[in-house]
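A short worksheet on the structure shown next.
What follows draws every value from the coordinates through simple rules; no lab data is involved. Since the structure is predicted, the reported quantities are computational estimates derived from the model, not experimental observations. Cβ atoms come from the backbone with ideal geometry, glycine included; neighbour counts cover every protein chain shown.
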């Protein structure tokens, strides 16, 4: 199988000037998730150790320095030998780097993780490793948007009403705005350098969507590493 690097990968340019390569491997003619990670290893990050956490829709963020089996929804490191990843198919992939400390990370944020406090844990981690300010470069990747993120009342009640929209008696969540507001509320000049507002559910040619495609679809893989 031959995959076109130019059409299958979206590079986030804002990280390049700080010596990092970050992006997302999008929908293509993949046959399984292993092929996506093989492509990442062989074509994008051939000299790096790939870190791919087993995601559990929780709030734990783990600092990693070597390869191993880990269960969490966020990985951070300052080890330049590693390539950190998360996979998504409607949830939000968040990528960051600190320009001074060279700390970088990849976080998977779904509504369960958000309510459980994964963004709060990330902010606390930032504060523990220096000022939470413009030195952190943050990017949010494609995810399901409020146009399509329908939820039941039991989930809607967990969110502030300003992140809820009602259409034809149905309730929809604007999860990305909730994440951005929480990230920005305690920061001094935080640099959210890129926010991808494409809806994964709407854009069937470019992105995978769990809600659109049903049981266990392939997922996009977001990545970041020191070049």
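Computed extension gain for residue 116 through residue 147, at 0.36 nm per residue and net of the alpha carbon distance, reaches 8.8 nm.
Indicate the gyration tensor shape class of region 61-157 (rounded, prolate or oblate), computed on the Cα atoms with a ≥ b ≥ c the square roots of the eigenvalues: a/c under 1.5 is rounded; otherwise a/b larger than b/c is prolate and the rest oblate.
Prolate is the answer for region 61-157, as a/c is 1.5 or above and a/b outweighs b/c.
Summed over qualifying helices (DSSP H, 4 residues or more, each -39500 (n - 2.57)) and divided by its residue number, the chain shows a 222 nm mean residue ellipticity of -5000 deg cm²/dmol. Each label was represented as a point 7 Å from its Cα along the Cα-to-Cβ direction; for residue 160 and residue 227 these points are 3.7 nm apart. For region 124-209, the relative contact order is 43 percent, taking Cα pairs closer than 8 Å that sit 6 or more residues apart in sequence and dividing their mean separation by the residue count. Put in line by how crowded their Cβ is, counting other Cβ atoms within 10 Å and starting with the fewest, 28, 101 read 101, 28.
Once the Cα-Cα distance is subtracted from the 0.36 nm per residue extended length, the residue 81 to residue 57 segment shows a gain of 6.0 nm.
With a ≥ b ≥ c the root eigenvalues of the C-alpha gyration tensor of the chain, is it rounded (a/c under 1.5), prolate (a/b larger than b/c) or oblate? Cα axes put the chain in the oblate bin.
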